[in-house]
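Asker: I have a structure here, written as structure tokens, and I will follow up with some questions on it.
Only the coordinates and a few stated rules stand behind these numbers; no lab work does. This one's a predicted model, so the numbers in the text were calculated from it and none came from an experiment. All Cβ positions, glycine included, derive from the backbone under ideal geometry; neighbour counts span all protein chains shown.
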Amino acid sequence: MAKIIGKSMKNIPWQEKPSGYEYPVWRYDGNPVITRDNLRFANSIFNSAVVPYGDGFAGVFRVDIRTRDQVIVTGFSKDAINWELEDKYIFEGYDPRLCEIDGEYYLTWVKLTPQGTVIGVASTKDFRQWREYEDACYPVARNGVLFPRKINGEYVLLVRPCDRGHTPYGDIFLMHSKDLTYWGRHRFVMSPVKNWEMTKVGAGPTPIETDEGWLMFYHGVLTSCNGFTYSMGAAILDKDEPWKVLHRADSFLLAPHELYECVGDVPNVVFPCAALTDADTGRIAIYYGAADTSVALAFTTVDETVEYIKAHDLMK
Ligand code: BMA
């Protein structure tokens, strides 16, 4: 049985797997959990990240406003399903990720500069006051995802270099920092391999520490005659040298099938950005953007996912 190395979360949102369902990741039956109606000025609310906070949860949400500018908004919830979003934004940009390291909450996001996108880094203790750090790289990059603890004394950030447009390529790399200011020791992590992810891959939620290594959910993109299709895959990275991929599922774990994933501002997008975990039960709740329009929720357990990855392992 694979185990999560982390805290317990008694109030993790949860639904049992529907009987007869054969795949390792299943959807919440109340999806989508956040829609454009959650905020007065929103055109859409999607690729967003959440963490446990106080006796409930806090989050950073990608909101495309009615001018179609992209902003990050904070929000709070008692149950991680019903969210109150704040009526103002904290940063411009998109696709936030969030993790806690030693009582401080770190936000990484796609920050807009005149020369192209970079990875912004900021932290907070209370989701009110934010401290912004140096950008983690020069343009152009997206999908910056921090590991939830230092590894061998250094912060580690997954990153996906790209172009200024919709980027028809993309590999995952990582880099190290002692101080969140100077980044180096760049390492290649992985490229697309199978058809479902053939165009590009990018890290998703904060990696989850397990006794098998780091469980990394990621998005992979296929180009069809109708455009891009975004699905979710999973890999296990080495605990101490996380650029080494130990296992990797050859097929997606979640792909656009439901109407809210197939129809929206950008059709056929499943874009995972966060996961809540409960170390006691091994439960994992995954938050993903659906069709660039809303936020949806899916469930798995560490054991089911690790077992699936190993049974469909393209590293073998
Ligand atoms: C990517 C990012 C994501 C988005 C996806 C699909 O390049 O911009 O925010 O969900 O495209 O449009």
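Asker: With the requirement that a residue be surrounded by fewer than 18 Cβ atoms within 10 Å (Cβ to Cβ) and more than 19 Å from Phe76 (Cβ to Cβ), what does the range 8-27 give you? So that I can check it myself, show each step before the final result.
Answerer: Residues of the range 8-27 that are surrounded by fewer than 18 Cβ atoms within 10 Å (Cβ to Cβ), as a first pass: 8, 10-11, 14-23, 26.
Across the range 8-27, the qualifying residues are Ser8, Trp14, Gln15, Glu16, Lys17, Pro18, Ser19, Gly20, Tyr21, Glu22, Tyr23, Trp26.
Asker: Let me ask something else. Return the total of residues in the range 92-115 being surrounded by fewer than 16 Cβ atoms within 10 Å (Cβ to Cβ) and either within 16 Å of the ligand (Cβ to nearest atom) or outside any strand (DSSP E or B) (or both).
Answerer: Going through the range 92-115 one residue at a time, the tally reaches 6.
Asker: Right, next: What are the residues in the range 149-165 that are loosely packed, with under 12 Cβ neighbours inside 10 Å and within 12 Å of the ligand (Cβ to nearest atom), if any? Give the derivation first.
Answerer: First pass over the range 149-165, keeping only residues loosely packed, with under 12 Cβ neighbours inside 10 Å: 152-153, 164-165.
The answer is Arg164, Gly165.
Asker: Okay, next question. What number of residues within the range 31-77 satisfy the criterion of being out of contact with any strand residue (DSSP E or B) (no Cβ under 8 Å at 6 or more places or on another chain) and either farther than 17 Å from Tyr94 by Cα or basic (Lys, Arg) (or both)? Walk me through it before giving the result.
Answerer: From the range 31-77, those out of contact with any strand residue (DSSP E or B) (no Cβ under 8 Å at 6 or more places or on another chain) are 37, 40, 54-55, 67; that's our starting set.
Checking the rest, the ones that are also either farther than 17 Å from Tyr94 by Cα or basic (Lys, Arg) (or both) come to 37, 40, 54-55.
Selection size over the range 31-77: 4.
Asker: Filter the range 25-58 for residues that are within 18 Å of the chain's Cα centre (by Cα), within 16 Å of the ligand (Cβ to nearest atom), in a strand (DSSP E or B) and not β-branched (Val, Ile, Thr) and give the result.
Answerer: Ser44, Phe46, Asn47, Ser48, Ala49
Asker: Name the residues in the range 144-164 that are out of contact with any Gly (no Cβ under 6 Å at 6 or more places or on another chain) and not in a strand (DSSP E or B), would you?
Answerer: Here is the first cut: in the range 144-164, the residues out of contact with any Gly (no Cβ under 6 Å at 6 or more places or on another chain) are 144-156, 158, 161, 163.
Once the filter is applied, which keeps residues that are out of contact with any Gly (no Cβ under 6 Å at 6 or more places or on another chain) and not in a strand (DSSP E or B), the range 144-164 yields Phe147, Pro148, Arg149, Lys150, Asn152, Gly153, Asp163.
Asker: If a residue counts only when it is within 12 Å of the ligand (Cβ to nearest atom) and either surrounded by fewer than 19 Cβ atoms within 10 Å (Cβ to Cβ) or small (Gly, Ala, Ser) (or both), which strands (runs of 3 or more DSSP E) contained entirely in the range 196-284 have at least 3 such residues? Step through it out loud before you land on a result.
Answerer: Working: elements: 200-203, 208-210, 213-224, 227-237, 245-248, 270-278.
It comes to 227-237.
Asker: Within the range 116-130, is even one residue within 16 Å of the ligand (Cβ to nearest atom) and within 24 Å of Asn38 (Cβ to Cβ)?
Answerer: Scanning the range 116-130 turns up at least one residue that is within 16 Å of the ligand (Cβ to nearest atom) and within 24 Å of Asn38 (Cβ to Cβ).
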